[in-house]
1. What residue, of Ile17, Ile8, is surrounded by 14 or more Cβ atoms within 10 Å (Cβ to Cβ) and either under 25 Å from Cys74 (Cα atoms) or in contact with an Asp or Glu (Cβ under 8 Å, 6 or more places away or on another chain) (or both)?
2. Does Ile70 satisfy the criteria of being under 30 Å from Ala6 (Cα atoms), modelled with pLDDT of 90 or more and surrounded by 12 or more Cβ atoms within 10 Å (Cβ to Cβ)?
3. Would you mention how many residues in the range 12-51 are over 27 Å from Ala64 (Cα atoms), of a type in the set (Val, Ile, Thr) and assigned to a helix (DSSP H, G or I)?
Amino acid sequence: MNYDQAAIDLVRQTLIIAIKIAAPILGMGVLIGLIISILQSATQIQDQTVSFVPKIVAMLLAAALLVPWIVQECIEFASLMFRLM
């Protein structure tokens, strides 16, 4: 394998891991934002700050619950990188 292809594979793997780690947390933010938007439409409360706190709390909770999985993914990725050296 030439060095150019190895560098491209490294960047590709890094981006895939970053997306896999960020997607569940961002998905939780989107889901909570959608729920809050529906509730705001139903109650006719159109204040932008109402949705901010629940989204932050949900994303922090999701991040806290996913820490073991995130650490495991990072360890597996680091092990792969060390094996490739």
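The values are calculated or read from the model by the stated rules, or taken from the named source; none is laboratory data. Keep in mind it's a predicted model, so treat the numbers as computed, not measured. With ideal geometry, Cβ positions are generated from the backbone for all residues, glycine too; neighbour counts draw on all protein chains shown.
1. Details: Ile8 fails: surrounded by 14 or more Cβ atoms within 10 Å (Cβ to Cβ).
One residue alone meets the criteria, Ile17.
2. Numbers: under 30 Å from Ala6 (Cα atoms): yes; modelled with pLDDT of 90 or more: yes; surrounded by 12 or more Cβ atoms within 10 Å (Cβ to Cβ): yes.
Judged against the criteria, Ile70 is a match.
3. Summing the residues that are over 27 Å from Ala64 (Cα atoms), of a type in the set (Val, Ile, Thr) and assigned to a helix (DSSP H, G or I) in the range 12-51 gives 1.
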